[in-house]
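As structure tokens, the structure follows; a few thoughts come after it.
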Amino acid sequence: MPDIIDGNKISEEIHAELAAHLANISGRKPCVALVRVGDDPASISYVAKKSKVAAKIGIESRLNILPESTTQEQLDSLIDNLNADETVDAILVQAPLPKHLNEQATFNRVSAAKDVDGFSFANLGKLCQEDKSAFVACTPAGIIELIKRSGVETRGKRAVVVGRSLIVGKPLALLLMQKGIDATVSVCHSRSENLKQICKEADILIAAVGRPNTITADMVKDGACVIDVGINRIPCAEKKSGYKLVGDVDFESVAPKCSKITPVPGGVGPMTVAMLMANTVKSFFARSQK
């Protein structure tokens, strides 16, 4: 069986490192403003988790809850106020937003200096230029930390990213290509031909498509490292909740072929929150030095 990459354990290590970094500061704590629009159950859960982790590390979190009926103008006004608030170091707008709101315009409304989600054109542009001041999207940044801290060799290796979203696929491909990581990167998507063959050539295979069990054993090279980004809820009568969480990878069939693999849950998910906290601390110190 492969090594199971424990995202919970690695994220706890990062939490401890950040807490130690903040232990001796005087004055105000770093502050992240969390913005939630509506009452989507998953969004409620994610925001609550972020607030809990922030408190453990020593970061203040301020929750701003807006009703489902919020207009774009009202959301923009809140973001403008948070941008201007000198006691706020980081702003996170929880996605997905209600369909009548423009996510891309909202992400770009957040000041680049407080955009700890890394979704704005300013931070994506900095990432392209390998500018170290960039805030990198939290899930891709967390994947890179998982790879590094698990001892996965990347230099010259073939990395295949299945998924081209702004949140994961695109920034992750840029990170994997960076000097010092030096992977040879392919990005696949719903229109890719010969997907199975491309995936089977990967030394590092990352699945981020949002469809359960998309990656099966016949798509994976022996000894590959497989990173599963998917979090999908599927019906399960055996669970009290009526569903269970599975990834984009068919874990049971794929795991025996891998050298390393992330589970779902407990793999990439905790790292996303850890990197949000790391970005908030980065913003706090960058702003305090001005």
Run lengths n ≥ 4 of DSSP H only: what is the helix-derived mean residue ellipticity at 222 nm for the chain, with -39500 (n - 2.57) per run over all residues, to the nearest 500? -12000 deg cm²/dmol
Please give the Cα centre distance for region 240-290 versus region 1-76, rounded to the nearest Å. 14 Å
If each residue of separation counts as 0.36 nm, what is the full-extension length gain between GLN178 and LEU63 once their alpha-carbon separation is subtracted? 37.9 nm
Length gain on complete extension for the stretch GLU17 to LYS132, per 0.36 nm per residue less the alpha carbon to alpha carbon distance? 39.4 nm
Cross-link reach from LYS9 to aspartates and glutamates, straight Cα distance under 15 Å and at least 8 residues apart if same chain, gives GLU17, GLU145
Under a 10 Å cutoff between Cα atoms, tell me which one of LYS56, LYS200, LYS221 has the largest fluctuation in the Gaussian network model of the chain. LYS56
Provide the per-residue ³J(HN,Hα) series for region 205-214, in order, calculated from phi with Karplus coefficients 6.51, -1.76, 1.60 and θ = phi - 60°, each as a whole number of Hz, with x at glycine and proline positions. 10, 10, 9, 9, 10, x, 10, x, 6, 5
For region 184-283, projected area of the alpha-carbon convex hull averaged over all directions, nm²: 8.3 nm²
If we count other beta carbons within 10 Å of each Cβ, what is the order of HIS100, HIS15, fewest first? HIS100, HIS15
Equivalent-ellipsoid semi-axes of region 144-203, from the Cα gyration tensor, Å, largest first: 20, 14, 9
Rounded to the angstrom and largest first, Cα extents along the principal axes for region 28-113 equal 35, 29, 17
So how compact is region 1-56: Cα radius of gyration and Dmax in angstrom? 15.1, 49
On the principal axes of its Cα set, how long, how wide and how thick is the chain? Give whole Å, largest value first. 52, 43, 34
Relative contact order (%) - region 138-270, alpha-carbon pairs under 8 angstrom, separation at least six: 22 percent
Measure off 7 Å from each Cα along the Cα-to-Cβ vector at ASN24 and TYR243, then give the distance between these two points in nanometres to one decimal. 4.7 nm
Among ILE234, ILE181, ILE167, which comes first, then next, by fewest other beta-carbon atoms within 10 Å? ILE234, ILE181, ILE167
Listing LYS9, LYS50 from the residue with the fewest other Cβ atoms within 10 Å to the one with the most, what is the order? LYS9, LYS50
Amide H partners (placed H, <5 Å) of ARG158, local residues excluded: THR184, ASP203, ILE204
Mind checking which aspartates and glutamates have their Cα closer than 13 Å to the Cα of LYS196? Skip sequence neighbours fewer than 8 apart in that chain. ASP218
Taking H placed 1.01 Å from N in the peptide plane, check which residues at least 5 places from LYS244 or on another chain put their amide H under 5 Å from its amide H. ILE234, CYS236
Convert 10 °C to kelvin, take the viscosity as 1.306 mPa s, use the Kirkwood radius over C-alpha pairs of region 177-218 as Rh, and evaluate the Stokes-Einstein diffusion coefficient in µm²/s, rounded to a whole number. 135 µm²/s
Enumerate the calculated ³J(HN,Hα) couplings along region 188-196 in order (Karplus 6.51 cos²θ - 1.76 cosθ + 1.60, θ = phi - 60°), each rounded to whole Hz, writing x wherever the residue is Gly or Pro. 10, 7, 5, 9, 5, 8, 6, 4, 4
Using r as the Cβ-Cβ distance of ALA217 and GLU86, and R0 as 51 Å, what FRET efficiency do you calculate, to the nearest 0.05? 0.45
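Each value in this text was obtained by applying a stated rule to the coordinates, not by laboratory testing. This is a predicted model, so every value here is computed, not measured. Virtual Cβ from ideal backbone geometry, glycine too; neighbours counted across all protein chains shown.
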